[in-house]
Amino acid sequence: MIVLVRVDDRLLHGQMAISWTKHLQADTILIANQAAVNDEFTMMSLRLAKPRGVQIIIQDLAQAFHYLKEASDSESRVMVVVKNLRDAQCILEQFQMIAELNIGGLRSRSHVLRIQDSVALNAADIELCQKIGERVHIYVQEIPSEKRKAIQEFLKDADV
């Protein structure tokens with residue numbers, strides 16, 4: 001079962017990993033990112049950031065699709081983490097049963113809209129959010145103890 005799809009440009013880091021896996025009772029973290037698969041140092045860092053007792057799987061998008069097809073009908077509680085909105089869109093298109101997308105970190109250097117310290121959207125991000133948001137509820141929430149902020153509230157005033 002897929003319990004969360006999250007966009008975070010840092011992929012996996014301590015506070016996020018611990019708070020979300022505990023909150024969701026996730027037993028598996030799937031990192032879907034081509035660059036991470038091809039970088040041994042990144043893979044090692046991601047493995048070190050995972051909480052004890054939680055499995056981590058690092059795959060490219062194609063491999064992640066295959067894994068998620070099997071996991072979506074299983075008892076496993078899978079938290080999916082991608083680095084950008086384009087990858088999130090690909091997963092959401094493949095798995096129509098997913099109704100929400102969490103944005104936890106997009107620290108764009110050249111941004112049009114800053115939502116909070118950890119989330120800044122550029123024009124391409126805003127367009128993707130608008131497209132994804134036609135079917136999926138998108139919210140910004142760094143950790144579970146924070147209040148969810150619907151992305152649509154920020155986008156309505158965005159001038160792109």
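For residue 109, indicate whether it is over 10 Å from the mean Cα position of the chain (by Cα), assigned to a loop (DSSP other than H, G, I, E, B), without any contact (Cβ under 8 Å) to a residue 60 or more places away in the chain and surrounded by fewer than 15 Cβ atoms within 10 Å (Cβ to Cβ). If you could, list the steps in order and put the result at the bottom.
Working: over 10 Å from the mean Cα position of the chain (by Cα): yes; assigned to a loop (DSSP other than H, G, I, E, B): yes; without any contact (Cβ under 8 Å) to a residue 60 or more places away in the chain: yes; surrounded by fewer than 15 Cβ atoms within 10 Å (Cβ to Cβ): yes.
Against the criterion (over 10 Å from the mean Cα position of the chain (by Cα), assigned to a loop (DSSP other than H, G, I, E, B), without any contact (Cβ under 8 Å) to a residue 60 or more places away in the chain and surrounded by fewer than 15 Cβ atoms within 10 Å (Cβ to Cβ)), residue 109 qualifies.
Answer yes or no: is there a residue in the stretch 149-156 that is part of a loop (DSSP other than H, G, I, E, B), of a type in the set (Phe, Trp, Tyr) and either open to solvent by 30 Å² or more (accessible area, probe 1.4 Å) or in contact (Cβ under 8 Å) with a residue 60 or more places away in the chain (or both). Don't jump to the end; show me each part of the working.
Narrowing the stretch 149-156 to residues part of a loop (DSSP other than H, G, I, E, B): 156.
Checking the rest, the ones that are also of a type in the set (Phe, Trp, Tyr) come to none.
No, every residue in the stretch 149-156 fails to be part of a loop (DSSP other than H, G, I, E, B), of a type in the set (Phe, Trp, Tyr) and either open to solvent by 30 Å² or more (accessible area, probe 1.4 Å) or in contact (Cβ under 8 Å) with a residue 60 or more places away in the chain (or both).
So for the stretch 63-84 (the condition being touching a strand residue (DSSP E or B) at 6+ places or on another chain (Cβ under 7 Å) and acidic (Asp, Glu)), does at least one residue qualify?
So far as the stretch 63-84 goes, no, none of its residues is touching a strand residue (DSSP E or B) at 6+ places or on another chain (Cβ under 7 Å) and acidic (Asp, Glu).
Looking at (1) in contact (Cβ under 8 Å) with a residue 12 or more places away in the chain; (2) open to solvent by 40 Å² or more (accessible area, probe 1.4 Å), which is the one condition that is false for residue 71?
(2)
Any residue in the stretch 50-69 that is farther than 17 Å from residue 29 by Cβ, in a loop (DSSP other than H, G, I, E, B) and not basic (Lys, Arg)?
Within the stretch 50-69 (the criterion being farther than 17 Å from residue 29 by Cβ, in a loop (DSSP other than H, G, I, E, B) and not basic (Lys, Arg)), the answer is no, since none of the residues qualifies.
Of all residues being more than 14 Å from the chain's Cα centre (by Cα) and either farther than 18 Å from residue 106 by Cα or free of Cβ contacts under 8 Å to residues at least 12 places away in the same chain (or both) in the stretch 29-41, which is least open to solvent (accessible area, probe 1.4 Å)? Just the residue, please. Give the derivation first.
Here is the first cut: in the stretch 29-41, the ones more than 14 Å from the chain's Cα centre (by Cα) are 34-41.
Filter again for either farther than 18 Å from residue 106 by Cα or free of Cβ contacts under 8 Å to residues at least 12 places away in the same chain (or both), leaving 37-41.
Working: 37: 43, 38: 113, 39: 61, 40: 125, 41: 141 Å².
Selected residue: 37.
The values are calculated or read from the model by the stated rules, or taken from the named source; none is laboratory data. Predicted, not measured: the structure shown is a model, and the values here were computed from it. Reconstructed Cβ throughout: ideal geometry from the backbone, glycine too, with neighbour counts over all protein chains shown. Surface accessibility is based on the protein's heavy atoms, side chains included, excluding ligands, DNA and RNA. Shrake-Rupley method; radii C 1.70, N 1.55, O 1.52, S 1.80 Å.
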